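Student: Before I ask anything, here is the structure I am working with.
The values are calculated or read from the model by the stated rules, or taken from the named source; none is laboratory data. Because the structure is predicted, anything quoted here is derived from the model rather than measured. Counting neighbours? That spans all protein chains shown, and the Cβs are built from the backbone with ideal geometry, glycine included. In case anyone asks, the SASA skips ligands and DNA or RNA and just uses the protein heavy atoms, side chains included. Shrake-Rupley method; radii C 1.70, N 1.55, O 1.52, S 1.80 Å.
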Amino acid sequence: MNALQQYIDLYRDHGRLLREKSCETLNAPREKACTDLQNMALPRKGSENYEHTDLQELLAPDYALNIARVPLGVNPQATFRCDVPNLSTSLFMLLNDGWAETDISRRNLPEGVTVDSLAHAAATMPELVGKYYNKLADPANPLAALNTMLAQDGLFLHIRKGVKLEKPLQLVDILQYDVPLMTVRRMLIVIEDAAEGKLLICDHTQNPDVKLLNLQTIEIFAGRNSHFDLYDLEESTENTTRLSTLFLRQESGSNVLIDGITLFNGTTRNEYFCSMPEPDAELHLYGMGIEDLSRRLDTYSRISHEAERCRSNELFKYVVDDSSTGAFSGRIYVAPGAQKTEAYQANRNIVGTDDARMFSKPQLEIYADDVKCSHGTAIGQLDALQVFYMRTRGLSESTARMLLKQAFMADVIEGVRLPALKDRLRQLVEMRFSGTQGSCSACHNEGCRI
Amino acid sequence: MEKKRKFRLSIHKMLRVKDLHAEIGGKEILKGINLEINPGEVHAIMGPNGSGKSTLSMVLAGNPAYTVTGGEADFCGKDLLAMEPEVRSHEGLFLGFQYPVEIPGVSMMNFMRAAVNAKREYFGEQPMSAAAFLKLMREKRAIVELDNKLASRSVNEGFSGGEKKRNEIFQMAVLEPKLSILDETDSGLDIDALRIVAEGVNKLKTDNNATIVITHYQRLLDYIKPDFVHILYKGRIVMTGGPELALELEERGYDWIKESADAENK
């Protein structure tokens with residue numbers, strides 16, 4: 001049976017309740033999304049863009065959905081505190097797919113910056129939200145369509161023209177429930193012309209024993225000459241499934257950095273659809289995955305150069321150990337006429353054990369003749385001579401390996417444009433490889449480390 | 001009385017290698033090495049290309065790429081071949097690499113701190129304080145005139161040939177080994193760098209430590225005076241002499257040794 005059907009049935013049966021607990025702006029595209037889903041078959045595992053992710057399997061479990069918007073009875077601030085030395089952020093929180101008011105929510109933000117619950121924003125600023133909502137998400141993308149059909153809340157970030165937000169924003173997402181739950185998160189980010197901002201998302205799961213699914217769709221509009229950084233850090237559990245689809249549209253002269261960092265996860269599929277329809281835009285798309293046990297991480301990216309003189313730099317690095325699986329599929333598309341494009345793509349991976357698997361598919365599709373493009377992948381082991389050299393200086397084999405894996409991630413960390421986060425990330429990666437820190441599942445109430 | 005003296009001598013042996021055989025990739029390289037080294041001695045190992053000099057150093061340091069197929073090696077009364085490479089290091093064996101390995105992303109400072117503290121941990125000591133460590137680095141850097149800025153760089157990355165070799169001696173100075181094996185430390189060095197490296201080695205020399213210098217050329221031995229010179233050929237030490245042997249090699253080349261060794265083998 002098509003795993004989508006249960007969600008379509010759910011929508012058909014409870015659509016009224018779902019719509020009642022939402023608002024017009026978010027309700028508007030639901031029906032079409034449902035029809036789209038009805039007419040599409042979930043891509044089979046092994047098909048072109050889903051070679052290593054089986055959506056059928058991932059969507060099959062009977063997850064609960066909180067469409068009635070019942071408060072789930074968890075006070076996030078009682079169990080969760082965020083504190084990064086030297087990184088002062090404006091902190092916001094999503095608990096499952098509901099907006100959690102934090103002490104400083106909406107306060108202390110400069111004029112022209114809106115950070116809000118998507119549901120609240122859509123109800124109070126229907127024109128602004130409606131202008132952008134679901135305008136980038138691809139109706140043919142099953143995960144985005146499913147999200148559109150079911151989404152009721154999430155994040156709305158808006159930075160008005162010319163406003164430069166100095167202090168980074170931080171959104172802590174927490175998954176926590178006692179029975180298998182599907183969380184439908186929607187994020188809409190609008191950075192107007194010449195505006196600037198940075199957002200760090202920390203994606204956590206607090207209950208390690210329950211199967212939880214995070215279905216999230218992110219739409220980002222980057223206006224002319226805007227600057228925007230998104231750091232999306234996953235520290236979840238083996239029982240967590242994360243299906244994330246990101247759509248980015250960059251206008252001329254904009255500069256965007258997207259960094260997907262997977263420190264701990266269960267099964268993750270991260271999709272990035274980035275388009276540059278106007279000239280002189282610049283995109284940095286980075287990612288790192290540290291996989292062990294039987295975790296799975298699958299990245300799919302498509303960067304479309306549709307105008308002249310845009311630059312993109314893509315770098316994804318994985319370390320896969322134990323019996324984990326990593327997959328990377330990236331495509332750079334250069335449209336006819338997109339001359340002077342500079343697009344670089346690299347995927348480099350270390351496979352630490354015989355049972356770990358890494359799949360990589362770097363792709364270039366070029367229809368312009370005056371461009372500089374490169375793509376490449378490397379899959380290999382740690383250098384035995386480097387390990388030996390370190391051991392002759394007294395480092396144990398495991399320490400040597402740990403330092404080398406850490407060093408392997410150095411250039412991805414170097415790409416971070418938030419100095420305090422860079423330092424913190426270096427530390428987190430070190431702790432991750434040295435095993436001195438468990439994931440969220442081990443820390444429980446100690447609080448977020450970012 | 002005679003017996004007693006012999007016994008006393010033998011417990012003072014630092015390294016005793018007996019009939020050592022080793023191979024890599026199924027190919028036997030070392031075919032019965034015998035070598036004895038006492039504290040305070042400097043041994044030079046010379047020999048034509050492919051004779052097994054670097055293999056000997058790798059096997060003594062424990063490179064897992066090589067397989068020991070026979071023989072034994074005793075280091076300060078312990079079975080060297082049974083030890084992991086890091087234990088050999090803790091016990092006082094040091095290998096200066098012919099081609100020091102670049103490790104991008106690992107800073108010299110972190111690397112040396114890890115090395116120093118690993119050794120301390122092995123001997124049940126607490127990690128060194130940050131201040132003491134920095135002082136140690138400063139002192140040891142001076143021995144080989146290593147630039148401070150190299151300390152903040154990744155291990156050997158972007159170092160010149162001379163800097164890499166100086167860095168090896170710097171690490172040797174920090175780790176204070178009992179026995180140092182310097183594998184072609186002179187290769188790729190100009191005269192000034194050679195002098196600095198050699199002076200560094202000489203400064204570190206005491207009556208209690210020993211050095212094996214592996215080299216192609218007599219030149220290095222002008223700076224580091226050996227007590228013994230061994231000629232390695234086809235995986236065996238075919239001749240041992242004093243410093244004069246190196247001078248003779250410089251003059252006559254290896255052919256006469258090859259001929260006599262090959263004749264003996266037949």
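Student: For chain B, modelled as a Gaussian network with Cα springs under 10 Å, which listed residue fluctuates most, B:P177, B:P104, B:P85?
Tutor: Highest fluctuation of the listed residues: B:P104.
Student: Describe numerically, in nm with one decimal, the distance between label points set 7 Å from Cα along Cα→Cβ at B:A132 and at B:E250.
Tutor: If labels sit at B:A132 and B:E250, their model points lie 4.4 nm apart.
Student: Right, here's the next one. How would you order A:284-294, B:124-134 from highest to lowest mean count of nearby Cβ atoms within 10 Å?
Tutor: Per-residue Cβ counts within 10 Å, averaged per peptide and sorted highest first, yield A:284-294, B:124-134.
Student: Further question on the same structure: Given a Förster distance of 51 Å, report the FRET efficiency between A:R69 and A:K167 from their Cβ-Cβ distance, rounded to the nearest 0.05.
Tutor: Result of the calculation: an efficiency of 0.95.
Student: Hey, another quick one. Within the accessible area of region A:3-382, what % is carbon and sulfur when the probe is 1.4 Å and the other protein chains stay in place?
Tutor: Summing carbon and sulfur atoms, their accessible area is 46 percent of the total for region A:3-382.
Student: Report, in debye and to the nearest 20, how large the dipole of region B:15-265 comes out about its Cα centre when Lys and Arg carry +1 and Asp and Glu carry -1 on their Cβ.
Tutor: So the magnitude is around 800 debye.
Student: Residues in region B:22-62, backbone N under 12 Å from the label point at B:T69 (7 Å along the Cα-to-beta-carbon vector): list them, ranges by number please.
Tutor: B:22-32
Student: Express in whole angstrom the spacing between the alpha-carbon centres of region B:242-260 and region A:298-344.
Tutor: Region B:242-260 and region A:298-344 have Cα centres spaced 61 Å from each other.
Student: Please state the charge dipole magnitude for the protein assembly as shown, taken about the Cα centre, from unit charges on C-beta atoms (+1 on K and R, -1 on D and E), reported in debye and rounded to the nearest 20.
Tutor: With Lys and Arg at +1 and Asp and Glu at -1, about 1180 debye.
Student: Going Cα to Cα from B:K119, which lysines come in below 21 Å? Please leave out same-chain ones fewer than 8 positions away.
Tutor: B:K78, B:K135, B:K140, B:K178, B:K205
Student: Amide H neighbours of A:L94 under 5 Å, at least 5 residues apart or on other chains, H built in the peptide plane: list them.
Tutor: A:A100, A:V172, A:D173, A:I174
Student: While we're on this one: Just to confirm, what accessible area per residue do you get for the protein assembly as shown at 1.4 Å probe, in whole Å²?
Tutor: Each residue of the protein assembly as shown exposes 41 Å² on average to a 1.4 Å probe.
Student: Please compute the average number of Cβ atoms from other chains found within 10 Å of each residue's Cβ in peptide A:380-391.
Tutor: If you average over the peptide's residues, the count of other-chain Cβ atoms is 6.
Student: Something else now. In Å² (nearest 100), what accessible area is buried between B and A, both sides summed, heavy protein atoms only, 1.4 Å probe?
Tutor: 1800 Å²
Student: Taking chain B as the reference, fit the longest principal axis to its C-alpha atoms, fit the long axis of helix B:191-204 to the helix C-alpha atoms, and give the angle between the two in degrees, 0 to 90, nearest 10.
Tutor: For helix B:191-204, the angle is close to 90 degrees.
Student: Over all residues in B:104-110, what is the mean tally of Cβ atoms on other chains that come within 10 Å of each residue's Cβ?
Tutor: Other-chain Cβ atoms within 10 Å of each residue's Cβ, averaged: 5.
Student: Considering chain A as a Gaussian network with a 10 Å cut-off on Cα pairs, which listed residue, A:D411, A:D229, A:D97, attains the greatest mean-square fluctuation?
Tutor: Of the options given, A:D411 has the highest mean-square fluctuation.
Student: Can you give me the Rg/Rh ratio for the protein assembly as shown, using Cα atoms for both radii and the Kirkwood formula for Rh?
Tutor: Across the protein assembly as shown, the Cα-based Rg/Rh ratio is 1.09.
Student: Separate question: Give the residue from A:L146, A:L421, B:T206 lying farthest towards the positive end of the charge dipole for the protein assembly as shown; charges sit on Cβ (+1 for Lys and Arg, -1 for Asp and Glu) and the dipole is referred to the Cα centre.
Tutor: B:T206
Student: Rounded, prolate or oblate, given the Cα gyration tensor of region B:15-265, with a/c below 1.5 counting as rounded?
Tutor: Since a/c reaches 1.5 and a/b is larger than b/c, the shape of region B:15-265 is classed as prolate.
Student: Further question: Within 10 Å of each Cβ in peptide A:393-405, how many partner chain Cβ atoms are there on average? Round it to a whole number, please.
Tutor: 6
Student: Roughly speaking, what is the centre-to-centre gap between region A:111-154 and region A:194-271 when only Cα atoms are used, to the nearest Å?
Tutor: Computed from Cα coordinates, the inter-centre distance equals 15 Å.
Student: Another one. Give me the one-decimal nm value for the distance between modelled label points at B:R120 and B:E264, 7 Å along each residue's Cα-to-Cβ direction.
Tutor: Calculated label separation equals 4.9 nm.
Student: Are there trypsin sites (Lys or Arg not before Pro) in region A:14-74 that DSSP puts in a loop and that have at most 12 other Cβ atoms within 10 Å, and which ones?
Tutor: Loop-located and lightly packed - A:R44.
Student: In nm, to one decimal, how far is the modelled label at A:F359 from the one at B:S187, with both set 7 Å along Cα→Cβ?
Tutor: 4.4 nm
Student: Here's a follow-up. Can you give the net charge of the other residues whose Cβ lies under 9 Å from the Cβ of A:R331, counting K and R as +1 and D and E as -1?
Tutor: Local charge sum for A:R331: +1.
Student: Kindly rank B:253-265, B:156-168 from highest to lowest mean number of other beta carbons found within 10 Å of each residue.
Tutor: B:156-168, B:253-265
Student: Considering only protein heavy atoms and a 1.4 Å probe, what is the carbon-and-sulfur percentage of the accessible area of region B:144-260?
Tutor: Exposed carbon and sulfur together represent 47 percent of the surface.
Student: Springs between alpha-carbon pairs under 10 angstrom, Gaussian network model over chain A: which of A:H14, A:H305, A:H204 fluctuates most?
Tutor: A:H14
Student: Please report how far the C-alpha centroid of region A:384-402 lies from that of region A:26-69, rounded to the nearest whole angstrom.
Tutor: 47 Å
Student: Assuming a ≥ b ≥ c are the square roots of the Cα gyration tensor eigenvalues, decide whether region A:3-382 counts as rounded (a/c under 1.5), prolate (otherwise, with a/b larger than b/c) or oblate.
Tutor: The shape class here is rounded.
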